[in-house]
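*Asks:* First, the structure itself, so that you have it in front of you.
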Amino acid sequence: MSETATITVGGKTVELPVITGTENEKAIDIAKLRALTGCITFDDGYGNTGSCLSNITFIDGETGILRYRGIDIAEVAEKSDFIETAMLVINGKFPTSAERRAFSSLIVENELLHENMRVQFQGFPPTAHPMAVLTAMINAMSCFHPHLMEIHDDAQFHEAAAKLLSKVRTIAAFSYKHSIGEPLIYPTASRGYTENFLHMMFKAPNNDYVPDPDVVRALDLLFILHADHEQNCSTSTVRMVGSSQANLFTSVSAGVSALWGKLHGGANQAVLEMLEGIHKRGDSIESVIAKCKDKNSDFRLMGFGHRVYKNFDPRAKIIKAACDKVLSKLGKEDPLLDIAKQLEAAALNDSYFVDRKLYPNVDFYSGIIMRAIGIPTNMFTVLFAIGRMPGWIANWKETRDNANARIYRPRQIYMGAAKRSYEEAKREVIQ
Ligand code: SDX
């Protein structure tokens with residue numbers, strides 16, 4: 001006998017089915033709640049609401065578990081690379097050697113932008129935030145690839161997915177070069193995914209830049225760690241837009257917009273700016289922690305806290321360890337890393353953070369590595385988007401492939417003015 005939940009409301013008692021997930025997570029299926037009781041549920045910020053059944057990523061926030069297609073993030077981070085991880089996240093299985101070769105060729109075939117797209121960068125002011133450019137240029141892909149709009153065509157999906165994964169690097173690097181007034185550096189077929197991105201970012205006609213293999217590995221690791229994270233704000237946005245049967249490019253462009261917010265992917269830039277401010281002003285750790293707890297201050301410890309993780313974010317632990325390794329490999333020291341570590345230690349021993357189960361999240365240390373590599377702070381969230389691309393693509397596809405696919409259309413509880421006439425409303429306006 002399958003489990004049910006009993007709800008009594010408005011004098012009615014109804015039994016609703018309970019769904020049990022792979023890891024024994026429980027959800028009350030409220031699909032029939034309104035029909036049976038006339039009631040809907042209310043869940044501000046969706047903290048308690050499951051929007052879908054998904055096979056892609058599992059997170060256990062209480063114990064700090066993250067798995068891509070059942071594989072623990074620490075194993076994927078240690079043993080895989082970003083393209084293999086992307087194929088696992090999107091296809092649900094690791095590629096054969098032949099599939100890997102074919103996909104890598106597809107990535108190379110799609111790494112250039114249409115020259116009419118390239119010239120569009122000239123239209124943006126050099127001061128434009130690269131996330132604004134990224135959103136616009138990814139959406140512009142719908143203009144340049146009109147043959148990839150049929151969302152139910154698998155061949156079109158795979159070509160569009162390869163274009164997004166490949167071109168997101170080129171768009172990112174071109175936006176950076178445009179912002180510093182340097183000539184654009186094109187991708188080259190001979191370089192791997194992440195090496196190609198670094199080459200486009202830092203090669204210039206007057207230098208012999210060759211990416212350090214340790215730097216390539218560190219950035220590839222960051223991309224792996226950002227590849228998917230179940231129903232976060234930006235991924236839910238991609239699903240929302242995709243549920244209307246909008247094409248993959250425009251759905252992902254909406255996800256990029258959602259990621260930009262500093263409560264989400266924009267936090268990695270906000271963390272670095274926070275650490276730089278603390279360092280520049282010479283703020284004491286105690287004063288910073290005190291500011292977090294001051295309800296009259298809107299200051300938050302950026303990179304701390306998480307809607308799901310009420311334990312360590314496993315990605316933060318991996319990135320923190322990688323920080324030390326990358327900095328020592330590059331022979332660099334960064335006072336901001338010391339400040340970050342002191343803030344973490346102080347917060348983890350402070351009841352305000354302990355009681356609220358606030359731990360470092362993926363954004364707390366990632367900027368330290370990107371800064372060590374030479375990535376400018378305002379590009380940090382763009383790199384988050386490069387890493388998250390496989391997750392957005394996989395979730396869009398899962399929404400498309402859902403046999404019960406319906407457009408996402410939440411309800412609401414109306415709290416506005418009661419029925420009134422035009423004249424009554426006009427009378428309220430002081431003439
Ligand atoms: C990402 O969802 C995902 O999976 C996202 C992500 C992914 O991979 O896609 O993991 C990536 O977005 C990570 C989060 C990056 N954002 C930040 O680091 C910004 C700082 N963090 C917070 O703003 C906050 O923790 C959120 C936005 C991450 C989560 O917000 P919630 O779940 O809505 O929590 P809340 O705002 O209700 O906070 C609960 C309490 C409040 O205090 P009280 O009202 O109970 O007194 O905790 C406090 C908050 O004031 N709090 C913080 C805090 N985060 C929460 N206080 C100080 N500093 C913080 N960072």
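The values are calculated or read from the model by the stated rules, or taken from the named source; none is laboratory data. It should be emphasised that the depicted structure is a prediction, and the values quoted were computed from it without experimental measurement. Because the Cβ atoms are built from the backbone with ideal geometry, glycine has one as well, and the counts that use them run over all protein chains shown. We work out accessible area using only protein heavy atoms, side chains counted, and drop any ligands, DNA or RNA first. Shrake-Rupley method; radii C 1.70, N 1.55, O 1.52, S 1.80 Å.
*Asks:* Any residue at all in the range 218-232 that's away from the ligand (no atom under 16 Å from the Cβ) and either open to solvent by 20 Å² or more (accessible area, probe 1.4 Å) or under 26 Å from residue 398 (Cβ atoms) (or both)? Quick ask: steps written out before the conclusion?
*Replies:* From the range 218-232, those away from the ligand (no atom under 16 Å from the Cβ) are 218-220; that's our starting set.
Then drop every residue that is not either open to solvent by 20 Å² or more (accessible area, probe 1.4 Å) or under 26 Å from residue 398 (Cβ atoms) (or both), which leaves 220.
Yes: one or more hits.
*Asks:* Here's another thing I want to ask about it. Considering only the range 17-81, give the strands (runs of 3 or more DSSP E) lying wholly within it that have at least 1 residues that are small (Gly, Ala, Ser) and either modelled with pLDDT of 95 or more or surrounded by 13 or more Cβ atoms within 10 Å (Cβ to Cβ) (or both).
*Replies:* Numbers: elements: 26-28, 57-60, 65-68.
Once the strands (runs of 3 or more DSSP E) in the range 17-81 are filtered for at least 1 residues that are small (Gly, Ala, Ser) and either modelled with pLDDT of 95 or more or surrounded by 13 or more Cβ atoms within 10 Å (Cβ to Cβ) (or both), what remains is 26-28.
*Asks:* Next up: Looking only at the range 219-271, count every residue that is under 21 Å from residue 147 (Cα atoms) and not β-branched (Val, Ile, Thr) and tell me the total.
*Replies:* First, pick out the residues of the range 219-271 that are under 21 Å from residue 147 (Cα atoms): 238, 241-254.
Now narrow it down to the ones that are not β-branched (Val, Ile, Thr): 242-249, 251, 253-254.
So the count comes out to 11.
*Asks:* Consider only pairs whose beta carbons are under 9 Å apart and that are at least six residues apart or on different chains; among these, list those whose first residue lies in the range 257-280 and is within 10 Å of the ligand (Cβ to nearest atom) and whose second residue is open to solvent by 10 Å² or more (accessible area, probe 1.4 Å) and among the hydroxyl-bearing types (Ser, Thr, Tyr).
*Replies:* From residues that are within 10 Å of the ligand (Cβ to nearest atom), the pairs are 258/236; 258/237; 259/237; 268/377.
*Asks:* Kindly list, by first and then second residue, each pair from a residue in the range 305-317 that is over 22 Å from residue 369 (Cα atoms) to a residue that is of a type in the set (A, V, I, L, M, F, W, C) and more than 10 Å from the ligand (Cβ to nearest atom), limited to pairs with Cβ atoms under 9 Å and residues at least 6 apart or on different chains.
*Replies:* 311/65
*Asks:* If I ask for residues that are surrounded by fewer than 24 Cβ atoms within 10 Å (Cβ to Cβ) and either in a helix (DSSP H, G or I) or on the phi < 0 side of the Ramachandran plot (or both), which ones from the range 275-287 would you list? Walk me through it before giving the result.
*Replies:* So the first thing to find is which residues in the range 275-287 are surrounded by fewer than 24 Cβ atoms within 10 Å (Cβ to Cβ), and the list is 276-287.
Across the range 275-287, the qualifying residues are 276, 277, 278, 279, 280, 281, 283, 284, 285, 286, 287.
*Asks:* Does the range 383-394 include one or more residues that are part of a loop (DSSP other than H, G, I, E, B) and under 20 Å from residue 194 (Cβ atoms)? Write out each step before concluding.
*Replies:* Going residue by residue through the range 383-394, those that are part of a loop (DSSP other than H, G, I, E, B) are none.
Taking every residue of the range 383-394 in turn, none turns out to be part of a loop (DSSP other than H, G, I, E, B) and under 20 Å from residue 194 (Cβ atoms).
*Asks:* Additional query: For residues that are more than 13 Å from the ligand (Cβ to nearest atom), in contact with an Asp or Glu (Cβ under 9 Å, 6 or more places away or on another chain), under 24 Å from residue 290 (Cα atoms) and among the polar types (S, T, N, Q), tally how many sit in the range 347-381.
*Replies:* Total meeting the criteria: 0.
*Asks:* Quick one: which of 62, 75 is closer than 30 Å to residue 91 by Cβ, acidic (Asp, Glu) and touching a Lys or Arg at 6+ places or on another chain (Cβ under 8 Å)?
*Replies:* Details: 75 fails: touching a Lys or Arg at 6+ places or on another chain (Cβ under 8 Å).
Selected residue: 62, the only one of 62, 75 that is closer than 30 Å to residue 91 by Cβ, acidic (Asp, Glu) and touching a Lys or Arg at 6+ places or on another chain (Cβ under 8 Å).
*Asks:* Looking at the range 257-272 only, could you name the residues that are open to solvent by 20 Å² or more (accessible area, probe 1.4 Å) and among the polar types (S, T, N, Q)?
*Replies:* Taking the range 257-272 as the starting set, the residues that turn out to be open to solvent by 20 Å² or more (accessible area, probe 1.4 Å) are 257-258, 260-264, 269.
257, 269, listed by residue number.
*Asks:* Return a yes/no flag: does the range 385-395 have any residue that is within 15 Å of the ligand (Cβ to nearest atom), among the hydrophobic types (A, V, I, L, M, F, W, C) and open to solvent by 20 Å² or more (accessible area, probe 1.4 Å).
*Replies:* No, the range 385-395 contains no residue that is within 15 Å of the ligand (Cβ to nearest atom), among the hydrophobic types (A, V, I, L, M, F, W, C) and open to solvent by 20 Å² or more (accessible area, probe 1.4 Å).
*Asks:* Looking at the range 312-346, which of the residues that are more than 13 Å from the ligand (Cβ to nearest atom) and not in a helix (DSSP H, G or I) is nearest to residue 60 (Cα to Cα)?
*Replies:* That would be 334.
*Asks:* Scan 111, 159 and give me the residue that is outside any helix (DSSP H, G or I) and in contact with a helix residue (DSSP H, G or I) (Cβ under 9 Å, 6 or more places away or on another chain). Show your work before the answer.
*Replies:* Details: 159 fails: outside any helix (DSSP H, G or I).
The unique qualifying residue is 111.
*Asks:* So residue 214 clears everything in (1) open to solvent by 10 Å² or more (accessible area, probe 1.4 Å); (2) modelled with pLDDT of 95 or more; (3) in a helix (DSSP H, G or I) except one condition, right? Which one?
*Replies:* If we test residue 214 against (1) open to solvent by 10 Å² or more (accessible area, probe 1.4 Å); (2) modelled with pLDDT of 95 or more; (3) in a helix (DSSP H, G or I), just (2) comes out false.
*Asks:* A further question follows. In the set 207, 196, which member is away from the ligand (no atom under 16 Å from the Cβ), polar (S, T, N, Q), more than 24 Å from the chain's Cα centre (by Cα) and open to solvent by less than 60 Å² (accessible area, probe 1.4 Å)?
*Replies:* Values: 196 fails: more than 24 Å from the chain's Cα centre (by Cα).
Selected residue: 207, the only one of 207, 196 that is away from the ligand (no atom under 16 Å from the Cβ), polar (S, T, N, Q), more than 24 Å from the chain's Cα centre (by Cα) and open to solvent by less than 60 Å² (accessible area, probe 1.4 Å).
*Asks:* May I ask you to list pairs of residues, at least six apart or on different chains, whose Cβ atoms are under 9 Å apart, with the first in the range 366-383 being farther than 12 Å from residue 266 by Cβ and the second being open to solvent by 10 Å² or more (accessible area, probe 1.4 Å) and among the acidic types (Asp, Glu)?
*Replies:* Pairs that qualify, where the first residue is farther than 12 Å from residue 266 by Cβ and the partner is open to solvent by 10 Å² or more (accessible area, probe 1.4 Å) and among the acidic types (Asp, Glu), are 368/334; 371/334; 372/334; 373/212.
*Asks:* Which residue, of 184, 165, is buried (at least 23 other Cβ atoms within 10 Å of the Cβ) and in contact (Cβ under 8 Å) with a residue 12 or more places away in the chain? Break it down stepwise before answering.
*Replies:* Working: 184 fails: buried (at least 23 other Cβ atoms within 10 Å of the Cβ).
After ruling out the rest, the residue left standing is 165.
*Asks:* It is to be established whether one or more residues within the range 229-251 are part of a loop (DSSP other than H, G, I, E, B) and in contact with a Gly (Cβ under 7 Å, 6 or more places away or on another chain).
*Replies:* First, pick out the residues of the range 229-251 that are part of a loop (DSSP other than H, G, I, E, B): 229-232, 243-247.
Then drop every residue that is not in contact with a Gly (Cβ under 7 Å, 6 or more places away or on another chain), which leaves 229.
Among the residues of the range 229-251, at least one is part of a loop (DSSP other than H, G, I, E, B) and in contact with a Gly (Cβ under 7 Å, 6 or more places away or on another chain), which makes the answer yes.
*Asks:* Give the number of residues within the range 187-241 that are more than 23 Å from residue 105 (Cα to Cα), without any contact (Cβ under 8 Å) to a residue 60 or more places away in the chain and small (Gly, Ala, Ser).
*Replies:* 1
*Asks:* When you check residue 6 against the structure, is it loosely packed, with under 11 Cβ neighbours inside 10 Å, more than 28 Å from the chain's Cα centre (by Cα) and over 18 Å from residue 231 (Cβ atoms), yes or no? Full working, then the answer.
*Replies:* Numbers: loosely packed, with under 11 Cβ neighbours inside 10 Å: yes; more than 28 Å from the chain's Cα centre (by Cα): yes; over 18 Å from residue 231 (Cβ atoms): yes.
Taking the combined requirement at face value, the residue satisfies it.
*Asks:* Out of 117, 149, 131, 201, I need the residue that is within 28 Å of residue 265 (Cα to Cα) and open to solvent by 30 Å² or more (accessible area, probe 1.4 Å). Which one? Lay out the reasoning, then the answer.
*Replies:* Values: 117 fails: open to solvent by 30 Å² or more (accessible area, probe 1.4 Å); 131 fails: open to solvent by 30 Å² or more (accessible area, probe 1.4 Å); 201 fails: open to solvent by 30 Å² or more (accessible area, probe 1.4 Å).
Sole residue among the options that is within 28 Å of residue 265 (Cα to Cα) and open to solvent by 30 Å² or more (accessible area, probe 1.4 Å): 149.
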